[in-house]
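One structure is given below, encoded as structure tokens.
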Amino acid sequence: MTNFNMINNISDWEEKQKGYLVVSVLCLIFGTYFFIKVISGSYVIEQSDLEVYENLIISNAPKFKERKGKRSRKWIEFNCINNQSTFEIAGYDYSCVNDQEVINEIKTGDTISIAILKDDLNDFNTQNSCEIHSLVKNDKEYLDLRCRNEVDTGGGKRIFLILFSISILTAIVYSLPKKPKLFDIVDPILIVGIGSIILAFIIYLITLEL
């Protein structure tokens, strides 16, 4: 009976190891994808990627907006005369903007210039929301494109570091010849999760100097 249980446990562990191998390979693939995006500068917006529109007149002054819940987000939106678009300061641009400065200094009737991605030109002057990456009034730029690029790139870097860390730890678990007794006490998923965050943080600190 004891031998039967041992064989059963070994078989069960071998099946679970296959799952860890699958997770390790998938995380490696997706981690490599985000790594390539970071090193290739895919998260960076250049001035040449933007189309500038000047002499737009504010019809509805900028307002702070927030949506809570699972898909929570914060942004600022405003409208301009003779334009159907609702312009938004959102995403990584919002992370770098002084929202009170925008709301307090830009008023109805002000003349501004904005810049949007050339890939988003189909959203300009339509009833769709149109995200902007530059907002200028009286030669003052309210958006920091450099900051936005750093925040977005940093997000991609954190993702690939976590995925690589999960891949490393699940590969280690897969390579174990037998199930550790620790896994009978603590869920291995919890160990891998916490260990991946710690490992990713260590790698991140090391790469700060690179």
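The values are calculated or read from the model by the stated rules, or taken from the named source; none is laboratory data. In this text the structure is predicted, and so the values were computed from the model without any measurement. Glycine gets a Cβ as well: all are built from the backbone with ideal geometry, and neighbour counts include every protein chain shown. Surface areas here come from the heavy atoms of the whole protein model, side chains and all, with no ligands, DNA or RNA. Shrake-Rupley method; radii C 1.70, N 1.55, O 1.52, S 1.80 Å.
Among the residues of the range 35-54, is any aromatic (Phe, Trp, Tyr), out of contact with any strand residue (DSSP E or B) (no Cβ under 6 Å at 6 or more places or on another chain), in a helix (DSSP H, G or I) and open to solvent by 50 Å² or more (accessible area, probe 1.4 Å)? Within the range 35-54 (the criterion being aromatic (Phe, Trp, Tyr), out of contact with any strand residue (DSSP E or B) (no Cβ under 6 Å at 6 or more places or on another chain), in a helix (DSSP H, G or I) and open to solvent by 50 Å² or more (accessible area, probe 1.4 Å)), the answer is yes, since at least one residue qualifies. When the residues of the range 67-83 are filtered to those that are in a strand (DSSP E or B) and either at pLDDT 95 or above or open to solvent by less than 90 Å² (accessible area, probe 1.4 Å) (or both), the one that is farthest from Asp110 (Cα to Cα) is Arg73.
Among the residues examined, Ser134 qualifies as among the hydroxyl-bearing types (Ser, Thr, Tyr), over 24 Å from Phe34 (Cβ atoms) and in contact (Cβ under 8 Å) with a residue 60 or more places away in the chain.
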